[in-house]
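Trainee: Structure provided below as C-alpha cells; questions to follow.
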Amino acid sequence: MSQEAFIYSFVARGTMILAEYTEFTGNFPAIAAQCLQKLPSSNNKFTYNCDHHTFNFLVEDGYAYCVVAKEAVSKYISIAFLERVKVDFKKRYGGGKADTAVAKSLNKEFGPIMKEHMKYIIDHAEEIEKLLKVKAQVSEVKGIMLENIDKAIDRGENLTILVDKTEDLRSQELYYELCSVVSVSRVHKNLNRMLQGLAAKTMFILGRIIRHSTAAT
C-alpha cells in the first residue's frame, strides 16, 4: 500500500479538533470539519465519499476520530487505523488533558503519533486485511452457532448433535485459514488464544445444557 494512502487525520472533542496531522495540501481538512459538524453524537462508525477520497469517522464517548484516505483504501483498514489512534489517545489523555485541551493544542504532541500509526497500518495492511477477514468469519460462525442452539432448544432437540457440529468446525476451511493467519504475528496469536477460549466456553455451556436436558428427561 502506498504511503500516500492516508491523507489527513484528526482527533476531536465534540466538534473541537484537538490534534490533526497531514503532509498534504488541499481542501480535505475543511470537508472533514464540515462532516464533523453534522456527525451524530451516538457511538458509531461513519464513512463518507467525496472526490475519490473516503472520510472515515469513529465516534465514541464524545470524541471523534477521523482519517481521510484514498478511495482505494479499504474501509476496514481505515477503521483499524482509527481504532489504533483511539486506544493510544485515550491511554495518553483520557480522563485528564483531553477533557480540557483547547483547539489544536495537542498538535505538537499527538500529530507525530498519528503519523506513526499511519505508517504502521500502511506497512501491515495485508496482515490486517487477513486478520479482519478471519474475525468477520469467526463472528459469522459464532452468530450461526448461537442461533442454531436457540432453535434447537426451542425444538427440544438433542444438543449432542450441536457439539458434534461444533467439533466439525475444526476441519473446515476457516480453521486452516485461521491457523495460517495467526502464525504471522503476535497479534494473530492473541486472536488464536481468544478463539480457543471462546470455543472452550461454548463447549462448557453446551455441556451444561445437555446435562440439564438429560436430567430433566
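The values are calculated or read from the model by the stated rules, or taken from the named source; none is laboratory data. Quick caveat: nothing in here was measured; it's all calculated off a predicted structure. So basically every Cβ, Gly included, is an ideal-geometry build from the backbone, and we count neighbours across all protein chains shown. Just the protein is used for accessible areas: all its heavy atoms, side chains included, with ligands, DNA and RNA removed. Shrake-Rupley method; radii C 1.70, N 1.55, O 1.52, S 1.80 Å.
Trainee: Within the range 67-74, does at least one residue satisfy the condition of being small (Gly, Ala, Ser), in a helix (DSSP H, G or I) and surrounded by 15 or more Cβ atoms within 10 Å (Cβ to Cβ)?
Mentor: Filtering the range 67-74 down to residues small (Gly, Ala, Ser) leaves 69, 72, 74.
Narrowing the set further to residues that are in a helix (DSSP H, G or I) leaves none.
Looking through the range 67-74, none of the residues is small (Gly, Ala, Ser), in a helix (DSSP H, G or I) and surrounded by 15 or more Cβ atoms within 10 Å (Cβ to Cβ).
Trainee: Search the range 23-49 for residues that are farther than 22 Å from residue 118 by Cβ and pair each with any residue that is in a loop (DSSP other than H, G, I, E, B) when their beta-carbon atoms are under 6 Å apart and the residues are at least 6 apart or on different chains.
Mentor: 37/15
Trainee: If you take just the strands (runs of 3 or more DSSP E) that sit entirely in the range 1-57, which of them hold at least 2 residues that are surrounded by fewer than 18 Cβ atoms within 10 Å (Cβ to Cβ), in the same structural domain as residue 89 (by the TED database) and of a type in the set (Ser, Thr, Tyr)?
Mentor: Details: elements: 6-13, 16-22, 44-50.
Correct list: 44-50.
Trainee: Moving on to the next point. Would a scan of the range 81-93 turn up a residue that is open to solvent by 10 Å² or more (accessible area, probe 1.4 Å) and not in a helix (DSSP H, G or I)? Before the answer, list the steps.
Mentor: Residues of the range 81-93 open to solvent by 10 Å² or more (accessible area, probe 1.4 Å): 83-84, 86-88, 90-93.
So of that shortlist, the ones also not in a helix (DSSP H, G or I) come out as none.
The answer is no; no qualifying residue exists.
Trainee: Search the range 90-109 for residues that are among the polar types (S, T, N, Q) and pair each with any residue that is open to solvent by 100 Å² or more (accessible area, probe 1.4 Å) and assigned to a loop (DSSP other than H, G, I, E, B) when their beta-carbon atoms are under 7 Å apart and the residues are at least 6 apart or on different chains.
Mentor: none
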